[in-house]
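Taken together, the values in this text are just the output of simple stated rules run on the coordinates, not laboratory data. Only a predicted model underlies this, so the values are computations on that prediction, with no experimental measurement involved. Using ideal geometry, Cβ is built from the backbone for each residue, glycine included, and neighbour counts are taken over all protein chains shown.
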Amino acid sequence: MAGPGSGSSRSMDNGGQRKRRGPGAFGTAYLVIYNVIMTAGWLVIAVGLVRTYLAKGSYHNLYYSIERPLKFFQTGALLEIVHCALGIVPSSVVLTAFQVLSRVFLTWAVTHSVREVQNEDSVLLFVVAWTITEIIRYSFYTFSLLNHLPYIIKWARYTLFIVLYPMGVAGELLTIYAALPFVQHTGLYSISLPNKYNFSFDYYTFLILVMASYIPIFPQLYFHMLHQRRKVLNIERKKSD
C-alpha cells in the first residue's frame with residue numbers, strides 16, 4: 001500500500017514550508033526531468049484507459065490496454081528509493097522504500113503473477129486511483145522544483161486524495177482477495193518442506209498478512225495526509241488574506 005505522499009521530493013509535502021538544503025543545480029535538473037517523464041508516463045496510461053473505454057464502450061478489462069506502461073512507470077518509481085539513498089531527496093529511505101515497494105509488489109507479485117485477477121474490476125479501481133494520483137503528484141513535484149506551483153495543483157494534491165486513497169486501497173485489497181484462491185490452488189511462490197535449506201514459505205498466508213497490515217497502516221497515512229492538508233491549505237489562505 002502506497003500512501004498519497006510517496007515519491008520524489010517528498011520533503012515538499014509540507015508546502016515548501018520547511019527549509020532544507022536543495023539538491024543543487026544538477027540534482028534539481030535531474031529531478032525535474034525525472035518528474036516530467038513520470039508525469040508524461042501516467043498521462044499515457046490515462047489516455048490509454050480513456051481511448052480503450054471509448055472504443056469498447058465498457059469499463060471491463062481495460063487493464064490490458066495499459067498493462068505495459070503501467071508496469072514500466074510503476075517500476076520506474078523504484079528510482080525514488082535511490083534518490084533518497086543518495087541524498088538527492090531528503091526523505092526517509094525506509095518509508096520511501098515501503099511506499100514504493102508496496103505498489104511494485106501489487107503490480108508484479110499479484111496482478112502480473114495471478115493473471116486470473118486481471119479481469120477483476122478491482123484492478124481498474126486501483127489503476128484509476130493510481131493514475132490520477134500520480135499525474136497530480138509528479139506535476140506537483142515538477143512545478144515545485146521550478147518554483148512555479150499553480151494553486152490548483154497544490155489544491156488537487158491535498159484534496160483529491162480524500163477520495164482517491166480509499167478508492168485505491170479498496171481496489172488493492174479486493175484484488176489481493178481475488179488472488180487468494182488461485183495462489184492457494186497453484187502454490188504460487190510457496191516453498192514446502194523438506195528442502196536443503198530447511199525453510200518454508202506460504203505465499204497464501206503472506207498475502208493474508210499483507211491485507212491485515214492495511215488495518216493499522218491505512219488510517220495512520222490517511223489522517224496524516226488530512227493533517228497535512230489542513231496545514232498546507234491554511235497557510236495558503238493566510239498568504240492570500
Exercise for the section: Give me a count of the residues in segment 125-151 that are within 24 Å of residue 186 (Cβ to Cβ) and surrounded by fewer than 20 Cβ atoms within 10 Å (Cβ to Cβ). Expected result: 0
Completion exercise
Okay, helices (runs of 4 or more DSSP H) sitting entirely in segment 127-241 with 3 or more residues that are within 21 Å of residue 108 (Cβ to Cβ), I get 161-186, 203-240
